[in-house]
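Chemist: Sharing a structure here in structure tokens format.
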């Protein structure tokens, strides 16, 4: 892909259109590519990665502070560390397909650089830094929410409502089966919203929405837990 095609591809994947495309091009440029350029050298992504790392830590910290009002500082730090680690952020980059868009030197690419966790982690943060400079903290927060928190919540770093619901069903409704059904998918391919229903036998207990099938299942399960707990109390 040429530069224009790369910009269009990434903007479609992340759901943000840059006012200054140079920010995005810099965010996608690996040092190996810069080293191979003889003229019109473009800066690599390392400075933007530095900035994106700081923005990510702020946004994640605020999210955890509000999400877990009773968890002490040590617990919040552990949760944040698990979310901003190399493995977690490389997973997010793969979901956005950012590896396809990296400007990379031939040697680095031939050695598997596009799929290297460390590179993909860096790119996730450098793109965030670019968005912050181009569109401010609100757009940066949206990127984190849509493409990082969304994926990591799917990875069940926060809670597992499905397991909790299964335990309730096994204890009180062991003769009925629990199942999940995708009811609808809306939105463009890069930014879909899923609606899932959770069934207890033939009864639809609850519906839940999310940016992935797993998140919508978790949302439906959480609502079903409240419903069943109220029934059990009666």
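The values are calculated or read from the model by the stated rules, or taken from the named source; none is laboratory data. The model shown is predicted, which means the values in this text are computed figures rather than measured ones. Quick reminder, even Gly has a Cβ in these numbers, built from the backbone with ideal geometry, and neighbours come from all protein chains shown.
Chemist: Of all residues in the range 27-55, count the ones that are assigned to a helix (DSSP H, G or I), touching a helix residue (DSSP H, G or I) at 6+ places or on another chain (Cβ under 6 Å) and modelled with pLDDT of 95 or more.
Modeler: Qualifying residue count, the range 27-55: 7.
Quick grid of which residues meet (1) in contact with a helix residue (DSSP H, G or I) (Cβ under 9 Å, 6 or more places away or on another chain); (2) more than 18 Å from residue 11 (Cβ to Cβ); (3) in contact (Cβ under 8 Å) with a residue 40 or more places away in the chain:
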site	(1), (2), (3)
129	yes, no, yes
134	yes, no, yes
138	no, no, no
174	no, yes, no
180	yes, yes, yes
186	no, yes, no
212	yes, yes, yes
225	yes, yes, yes
230	no, yes, no
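Chemist: Evaluate the following for residue 79: is it over 18 Å from residue 126 (Cα atoms), assigned by TED's automatic domain parsing to the domain that holds residue 140 and touching a helix residue (DSSP H, G or I) at 6+ places or on another chain (Cβ under 6 Å)?
Modeler: Considered against the rule, which asks whether it is over 18 Å from residue 126 (Cα atoms), assigned by TED's automatic domain parsing to the domain that holds residue 140 and touching a helix residue (DSSP H, G or I) at 6+ places or on another chain (Cβ under 6 Å), residue 79 comes out as yes.
Chemist: Mind counting the residues in the range 2-45 that are without any contact (Cβ under 8 Å) to a residue 60 or more places away in the chain, closer than 17 Å to residue 128 by Cβ and out of contact with any strand residue (DSSP E or B) (no Cβ under 8 Å at 6 or more places or on another chain)?
Modeler: 5
Chemist: Which of the numbered conditions does residue 127 fail, given that it passes all the others? Conditions: (1) modelled with pLDDT under 80; (2) under 14 Å from the mean Cα position of the chain (by Cα); (3) crowded, with 19+ Cβ neighbours inside 10 Å.
Modeler: (1)
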